[in-house]
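Please treat every number below as a calculation from the coordinates, not as lab data. All values derive from a computational prediction rather than experimental measurement. Ideal geometry is used to build each Cβ from the backbone, glycine not excepted, and the neighbour counts take in all protein chains shown.
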Ligand SMILES: Cc1cc2nc3c(=O)[nH]c(=O)nc-3n(C[C@H](O)[C@H](O)[C@H](O)COP(=O)(O)OP(=O)(O)OC[C@H]3O[C@@H](n4cnc5c(N)ncnc54)[C@H](O)[C@@H]3O)c2cc1C
């Protein structure tokens, strides 16, 4: 008889875990407090850039290693999903362009030096290219009238998060996963219901489960604006060095651009502020004048689920319960590494991938309460 799993939360991690477990032949049931569009998840709002080198400026080497693994793994996963379901998911690996205005030159230099140091520490990262006027005009002609230098981060990628969430949903339906929408659950609610494992992927919704641990969970507010901008022809995610937070413009298919994102230490989920809207939109307009006539389709706020140390963690606080959380601002980048590590742990409690990525894994020990095993 195959094992039976309950997945709490159908955002990014929940859908990925449900998919991989159902594919391996397990019986899977999903409980999600919102609907099939994942309207209360960080996954729906994210820009879903896959940028290990850019992120290396603000995160630990372990996350960067997970990101490099994730980039390769996404390519295969999306090809597979595209074959399996009717919904195609956009995935591109055209690199990232980094731009800056003259006043921010010193900050841009520090950023470049930081990345170069990180490449020396991890040669699997591709070195950033310094672009002069001519090289920039060849790479991204549509910004060449406003910028005369830039930095190019090769190999970096992105995907369309909403297409991916829909494709994963279709795959779950095809795999006969039982889906309970508008059903908020706690792990304790499912005790005695015949599940071999409960996998808690509730993102920030799991805050109370982490509140009395060494590593409490918090939300980090992010605001994004989605625009339709047919006059803008950017071919890759473009980051603008900015004194307050890095602003990016992520081009998706059909002239859709995601402009984001603020990063505010707050769990306030209220709508995007006027100040953030002005900063995001004026930054986009300063990169490309075609944004002037763009149409605002949506502005959205969500909180990134973040542990105290800003690193992801997998926890088995008691037999039959696994918690996966803390994906913070790079959930898409690291989700494949987290998923494969969790899969290994479910099979045998030891994970070479957890060791490779220094993923914090806390295991229930049947004699003591917690014992770290990775
Ligand atoms: C503005 C913004 C921009 C981002 N940009 C990027 C990016 O460019 N690249 C990148 O790699 N990452 C990005 N991220 C990060 C990424 O979106 C998150 O790390 C990721 O979505 C976290 O996945 P998760 O499954 O843990 O949580 P979520 O995606 O939030 O999913 C959690 C799910 O659990 C459900 N839930 C909560 N409580 C309950 C309950 N009691 N019962 C049942 N269901 C429940 C929620 O409704 C939700 O659907 C961004 C995030 C934000 C907010």
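Under 16 Å from a point placed 7 Å out from the Cα of residue 1 along the Cα-to-Cβ direction: which residues of the range 180-196 have their backbone N that close?
192-196
Among 65, 117, which comes first, second and so on when ranked by fewest other beta-carbon atoms within 10 Å?
117, 65
Go through 339-345, 139-145 and give me the packing order, highest mean Cβ count within 10 Å leading.
Ranking the peptides 339-345, 139-145 by packing returns 339-345, 139-145.
How much of the DSSP beta bridge set in the chain is antiparallel, as a percent to the nearest 5?
Of those bridges, close to 65 percent are antiparallel.
I need 277, 282 ordered by Cβ neighbour count within 10 Å, fewest first.
So the ranking, lowest neighbour count to highest, is 282, 277.
What is the angle, in °, between the Cα long axis of helix 331-348 and the longest principal axis of the Cα atoms in the chain? Nearest 10 is fine, range 0 to 90.
Computed tilt is about 20 degrees.
If the chain between residue 114 and residue 144 were fully stretched, how many nm would it gain, using 0.36 nm times the residue separation less the Cα-Cα distance?
8.3 nm
Enumerate the whole-percent occupancy of each 10 Å bin, from 0 to the last occupied one, for all C-alpha pair distances of the chain.
Computed distribution, short to long bins: 5, 24, 34, 24, 11, 3, 0.
Roughly how many nanometres apart are two label points built 7 Å out from the Cα toward the Cβ at residue 121 and residue 183?
So the two model labels end up 4.4 nm from each other.
Would you mind computing Rg(Cα) / (2.2 N^0.38 Å) for the range 241-374, counting N as its residues?
The value comes to 1.40.
Hey, how many Å between the Cα centroid of the range 214-291 and the Cα centroid of the range 186-212?
The range 214-291 and the range 186-212 have Cα centres separated by 32 Å.
Please report how far the C-alpha centroid of the range 105-138 lies from that of the range 1-77, rounded to the nearest whole angstrom.
Each part reduced to its Cα centre gives a spacing of 29 Å.
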